[in-house]
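Working notes for the structure below.
The values are calculated or read from the model by the stated rules, or taken from the named source; none is laboratory data. Values in this document were obtained by computation on a predicted structure and should not be read as measured data. Every residue, glycine as well, gets a Cβ built from its backbone with ideal geometry; the counts of neighbours run over all protein chains shown. Heavy atoms of the whole protein, side chains included, go into the accessibility calculation; ligands, DNA and RNA do not. Shrake-Rupley method; radii C 1.70, N 1.55, O 1.52, S 1.80 Å.
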Amino acid sequence: MTAIQDFSRLCVHTITTKPWSIDEAAAAYEKAGVTGISVWRDTLTDHGPAGTGQLLRDHGLSIVSLVRGGFFAHDTAQARTKAL
C-alpha cells in the first residue's frame, strides 16, 4: 500500500534546510508540496524583504513568520557582547 503524504499544512523553517539559498528552498519546498515557510532573516540578503516575499509567493508558499537568531540572554551588555 502506498502512503499518501499531504504536506499542505506543513511549514518549514529555512534554517532546517541550510545551507540552501532561499531560491533553492523555495523550489524544493514547492516541489515537495510544502505550502508554508518561516524565513530566517539571514536569507533576505540576496533579494531583500520585498523580493524574497515575491519569490516565495511565486512558488506558492505562504510566509508564516520572519525569524531572527541571536537570543543571548545575559544580565549585562558586556556578557552579551562576549556571547556574540
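Would you work out which of TRP20, LEU56, ALA73 lies farthest towards the positive end of the dipole of the chain, given +1 charges on the beta-carbon of Lys and Arg and -1 on that of Asp and Glu, about the Cα centre?
Looking along the dipole axis, the top candidate is ALA73.
For the chain, what does the accessible surface come to per residue with a 1.4 Å probe? Please give it in Å².
That works out to 73 Å² for each residue.
Of the heavy-atom accessible surface of the chain (probe 1.4 angstrom), what whole percent is carbon and sulfur?
The value for the chain is 56 percent carbon and sulfur by accessible area.
Rounded to the nearest 10 degrees, what's the angle between the helix 48-58 long axis and the longest principal axis of the chain, both from Cα atoms, 0 to 90?
20 degrees
Across the chain, where is the longest run that never hits chymotrypsin sites (Phe, Trp or Tyr not before Pro) in a DSSP loop with at most 11 other C-beta atoms within 10 Å?
Segment 1-70 is the longest.
Using only the Cα atoms, work out Rg/Rh for the chain, with Rh taken as the Kirkwood radius, to two decimals.
1.13
When the helix-only estimate is applied to the chain (DSSP H runs of n ≥ 4, each -39,500 (n - 2.57), divided by the residue count), what is the mean residue ellipticity at 222 nm, nearest 500 deg cm²/dmol?
The per-residue figure over the chain is -10000 deg cm²/dmol.
Below 12 angstrom from the Cβ of GLY51, what's the summed charge of the other residues (Lys, Arg +1; Asp, Glu -1)?
Summing Lys and Arg as +1 and Asp and Glu as -1 gives -2.
In degrees, nearest 10, range 0 to 90: what is the angle between the Cα axis of helix 22-32 and the longest Cα principal axis of the chain?
Helix 22-32 sits roughly 40 degrees off the main axis of the chain.
Where the only charges are on Cβ atoms (+1 Lys, Arg; -1 Asp, Glu), what is the dipole of the chain about its Cα centre, to the nearest 20 debye?
The calculated dipole for the chain is roughly 300 debye.
Out of the chain, which trypsin sites (Lys or Arg not before Pro) are coil in DSSP terms and have no more than 12 other C-beta atoms within 10 Å?
ARG9, ARG68
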